[in-house]
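The values are calculated or read from the model by the stated rules, or taken from the named source; none is laboratory data. Please read all numbers here as calculations on a predicted model, not as lab measurements. Please note: Cβ atoms are built from the backbone with ideal geometry, for glycine as well, and neighbour counts cover all protein chains shown. With ligands, DNA and RNA removed, areas are computed over all heavy atoms of the protein, side chains included. Shrake-Rupley method; radii C 1.70, N 1.55, O 1.52, S 1.80 Å.
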Amino acid sequence: MLNTTICHADDALRSYVARLVEQYFNRHRIQYTIFCCQSLQVLTEQFHPIELLITDVVFNGNIEIPMLLKIRKQHPAAMMVILTDTNEYAIQGYKLGIFRYILRAQLENELPHCMDAVLVEYCKHRDTLEMKFVEGKYCVYQDEIVYMESQGHKVNFHLSLGMSARILTAHTTIDAVQTQLNPYRFVRPHKSFLVNCSYINKIESGNILIQSGDRIPISQSRRKDLDTLRTTIL
């Protein structure tokens with residue numbers, strides 16, 4: 001799941017970039033979220049997972065380098081792409097570890113090349129899980145796992161693959177699978193379930209609502225941990 005944020009004061013430009021990025025992700029069958037906003041301050045005050053940030057440096061005449069520094073501290077691994085009208089702040093931007101710098105006048109030509117580079121970098125750091133499933137031996141990306149459900153001595157892996165979904169089954173246990181997963185990506189609301197945080201739409205008192213519409217139960221013994229997660233996500 002490539003969590004993308006597009007922040008720009010120009011409403012029309014922001015919507016246009018979001019549409020181009022969405023089309024790119026769909027063509028390449030990449031799972032994604034896109035969050036749009038018109039102020040960098042929103043990103044420092046509310047939690048939004050950011051792996052790709054497309055933003056300007058200047059907002060309403062103000063140079064927002066300090067705000068970008070704050071966001072960099074909050075999201076140290078995020079790929080930052082600066083989209084602006086001038087290259088005046090390019091040197092300051094690169095000191096922030098800016099991934100790419102695109103002039104607005106060159107958007108149509110440069111954005112596809114930028115997204116190609118983003119995709120290459122993103123795939124370098126995607127966690128994988130290699131297992132022998134009933135259906136065969138597969139290496140799956142952990143960000144494509146929506147949730148796992150234990151049924152006896154088997155675990156069903158609910159996957160989201162581009163525009164489609166699939167279930168793979170393995171003869172293993174939830175405990176064994178959990179040791180192989182990125183601990184910052186998954187939460188265990190119930191002894192029989194592991195859930196990818198990126199696919200959580202809402203956390204209720206007794207259930208987690210997944211983006212697909214599935215509901216995952218929260219056991220009484222794990223509600224305290226999920227309350228902490230709720231305050232982080234919401």
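Assorted remarks:
- Restricting the first member to the stretch 112-132 and to residues that are of a type in the set (G, A, S), and the second to residues that are surrounded by 14 or more Cβ atoms within 10 Å (Cβ to Cβ), the beta-carbon pairs closer than 7 Å and six or more apart or on different chains are A117/R100.
- Flag if M1 is touching a helix residue (DSSP H, G or I) at 6+ places or on another chain (Cβ under 7 Å) and closer than 21 Å to D116 by Cα: yes
- Every residue from the stretch 16-30 that is open to solvent by less than 30 Å² (accessible area, probe 1.4 Å) and touching a residue at least 24 places away in the same chain (Cβ under 8 Å): V17, V21, Y24, I30
- Enumeration of residues in the stretch 1-15 that are more than 13 Å from the chain's Cα centre (by Cα) and in contact (Cβ under 8 Å) with a residue 60 or more places away in the chain: H8, L13
- Considering residues of the stretch 61-78 that are under 13 Å from C7 (Cα atoms) and open to solvent by 10 Å² or more (accessible area, probe 1.4 Å) only, the residue farthest from the chain's Cα centre (by Cα): E64
- Selection status of F193, touching a Pro at 6+ places or on another chain (Cβ under 9 Å), at negative phi and aromatic (F, W, Y): yes
- Test: residue in the stretch 191-203 that is over 18 Å from the mean Cα position of the chain (by Cα), at pLDDT below 90 and open to solvent by 30 Å² or more (accessible area, probe 1.4 Å): no
- Of all the numbered requirements in (1) surrounded by fewer than 19 Cβ atoms within 10 Å (Cβ to Cβ); (2) within 28 Å of S212 (Cα to Cα), A9 misses one, and that requirement is (2).
- Against the numbered list (1) surrounded by 17 or more Cβ atoms within 10 Å (Cβ to Cβ); (2) of a type in the set (V, I, T); (3) in contact (Cβ under 8 Å) with a residue 24 or more places away in the chain, I102 comes up short only at (3).
- In the stretch 31-49, of all residues being open to solvent by 50 Å² or more (accessible area, probe 1.4 Å) and touching a residue at least 60 places away in the same chain (Cβ under 8 Å), the one that is farthest from Y141 (Cα to Cα) corresponds to F47.
- Residues of the stretch 133-153 that are part of a helix (DSSP H, G or I) and either free of Cβ contacts under 8 Å to residues at least 40 places away in the same chain or touching a Lys or Arg at 6+ places or on another chain (Cβ under 8 Å) (or both): Q142, D143.
- Apart from one condition, L52 fits all of (1) surrounded by 18 or more Cβ atoms within 10 Å (Cβ to Cβ); (2) farther than 25 Å from Y184 by Cα; the exception is (2).
- Output for the stretch 141-169, where each listed residue is more than 16 Å from C123 (Cα to Cα) and open to solvent by 50 Å² or more (accessible area, probe 1.4 Å): Q151, G152, H153, K154, M163, S164, A165, R166, I167
- Of all the residues in the stretch 170-189, those that are open to solvent by 90 Å² or more (accessible area, probe 1.4 Å) and within 12 Å of Q142 (Cβ to Cβ) number 2.
- Residues of the stretch 79-97 that turn out to be modelled with pLDDT of 80 or more and open to solvent by 10 Å² or more (accessible area, probe 1.4 Å), as a count: 3
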